[in-house]
There are 2 protein chains.
Amino acid sequence: MTIRIYDLAALEDDRLFSPYCWRTKLALAHKGLAFESIPWRFTDKAALEPTGFKTVPVIVDGERTVGDSWKIALYLEENYADRPALFGGPQSRALSLGFKNWVDRAVHLPMLRAVLLDLYNGLAEKDKPYFREAREKRFGMALEAFAGDQQAAIATVSSTLDPVRATLTEQPFVCGSAPAYADYILFGAFMWTRSTSPAKLLAADDPLHAWRERMLDLHGGLARKARGYPV
Amino acid sequence: MTIRIYDLAALEDDRLFSPYCWRTKLALAHKGLAFESIPWRFTDKAALEPTGFKTVPVIVDGERTVGDSWKIALYLEENYADRPALFGGPQSRALSLGFKNWVDRAVHLPMLRAVLLDLYNGLAEKDKPYFREAREKRFGMALEAFAGDQQAAIATVSSTLDPVRATLTEQPFVCGSAPAYADYILFGAFMWTRSTSPAKLLAADDPLHAWRERMLDLHGGLARKARGYPV
């Protein structure tokens, strides 16, 4: 049975931009599980209410409903243990949680700054007032002030990712010789930016660029086929 | 047979302060391998020459000599595969390499800034001119200028470690329910600061503080027994 995922959309139903939803979709594809996106907007609170969750991703797998991308990854690993592993063991799972906390807390913010105004302009009209109010409250300033100098934000993204760049000169994926969940964690952030902004975050000769190309090709080009800007 | 490790010392033979040597010593203890430190100073180039390496740690394990803390970890995992695992599998090893690159490139520099002048003052006299010249060349400024405001450096250490702090609220060790090599990677940096400076880097209620206490107790209190300042 096809798993359904509530998937954050911008103006167009197929401009799916949540980094967390991308983690989940790539994890589903990694497990070889068929899924269908249900486009959802920030202000569609009522549509999500039956699931019991307030944020996406949420997956509906037959009788079971699971929210939060990390909990979904644990759910998939446990319930589809006979399929390709997202972690491959408890130590990898623990280290992936650490990597997730680093991406969430150190990488996401500079990446958001680099694309924020493009992202805002591309939202569904009904979502714009909500997004502006919620984010300006969180940042303590106007979206435009938080976004600041885009080139400076892009430079911060590049320097923040320097340790991953070093790792990718020694192995093709964050997880080693083959991609696994930690790759999807970081790649989700690049799908966030790719789907919302024409900003070029990586130089063509950056090892991260080559890694992102490999990630775009995975699982039949799932990510590359998604609506977004050339990167 | 006891493994010998060339181990960076300050003024006193037992003030062993290299973060990389600490990674190696804790990896040896994790494997249950007996080892003996050979105190070594930056200017003891001749003493290291027979090994073929220019920096420490270097281990001598019978007929085999291995340098570079990461390569030593791989060597131990491969050659003592029947003993407790440092990685537990290829994905954990790959993720540990990523964590190492993050600690080396994002954590070490602010930690060094926080203790730099104490570290310098505690060196063997013969090492001081070498250290000052080499580091001032690397930093492009006087040691005192690079060290700057110690409290600001300590605040940067704390904010840089925020993702690990979050992880340690969910699991007792970086590697999950038990310590393994990635824990030693980060803990090595705390042994660097503990052995050289009375600076307090962590508040008593910080989850990182509790983790560091657990690490100090491992392997019969190997790290806690080492010469250093109360932390």
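So here's what we get for this one:
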read-out: Pair residue B:13, residue A:225: separation of 7 Å Cα→Cβ label points (nm); value: 6.9
read-out: Loop trypsin sites (Lys or Arg not before Pro), the stretch A:126-231 (other Cβ atoms within 10 Å of the site Cβ: 11 or fewer; DSSP); value: A:225
read-out: For residue B:7, distant residues with modelled amide H under 5 Å away; value: B:38, B:40
read-out: Filtered trypsin sites (Lys or Arg not before Pro), the stretch B:25-109: DSSP coil and at most 11 other beta carbons within 10 Å; value: B:54
read-out: Per residue Cα convex hull volume in Å³ - calculated over the stretch A:1-130; value: 110
read-out: Spin-label zone in the stretch A:96-139 - amide nitrogen under 15 Å from a point set 7 Å from the Cα of residue A:43 along the C-beta vector; value: A:120-135
read-out: DSSP-assigned coil residues among GluC sites (Glu not before Pro) in the stretch B:33-120, each with at most 10 further Cβ atoms within 10 Å; value: B:63
read-out: Within the protein assembly as shown, helix-based [θ] at 222 nm, where runs of 4 or more DSSP H residues each add -39,500 (n - 2.57), nearest 500; value: -16000 deg cm²/dmol
read-out: Estimated FRET transfer efficiency when R0 is 45 angstrom, pair residue A:83-residue B:149 (beta carbons, to 0.05); value: 0.30
read-out: The stretch A:123-165 and the stretch B:174-194: distance between their alpha carbon centers, rounded to Å; value: 33
read-out: Whether chain A is rounded, prolate or oblate, judged on the alpha carbon gyration tensor where a/c under 1.5 counts as rounded; value: oblate
read-out: Residue mean of other protein chain beta carbons inside 10 Å, A:100-110; value: 3
read-out: Cα pair distances exceeding 20 angstrom across the stretch A:92-212, given as percent; value: 46
read-out: Relative contact order %, the stretch A:90-221, counting alpha carbon pairs below 8 Å whose residues are six or more apart; value: 30
read-out: Extent along principal axes [Cα atoms of the protein assembly as shown; Å; largest to smallest]; value: 69, 49, 43
read-out: Proxy reagent accessibility, fewest Cβ within 10 Å first, across B:72, A:3; value: A:3, B:72
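Just so you know, all these numbers are worked out from the coordinates, no wet-lab data involved. Bear in mind that the values here come from a model prediction, so they are computed numbers and not experimental data. Glycine gets a Cβ as well: all are built from the backbone with ideal geometry, and neighbour counts include every protein chain shown.
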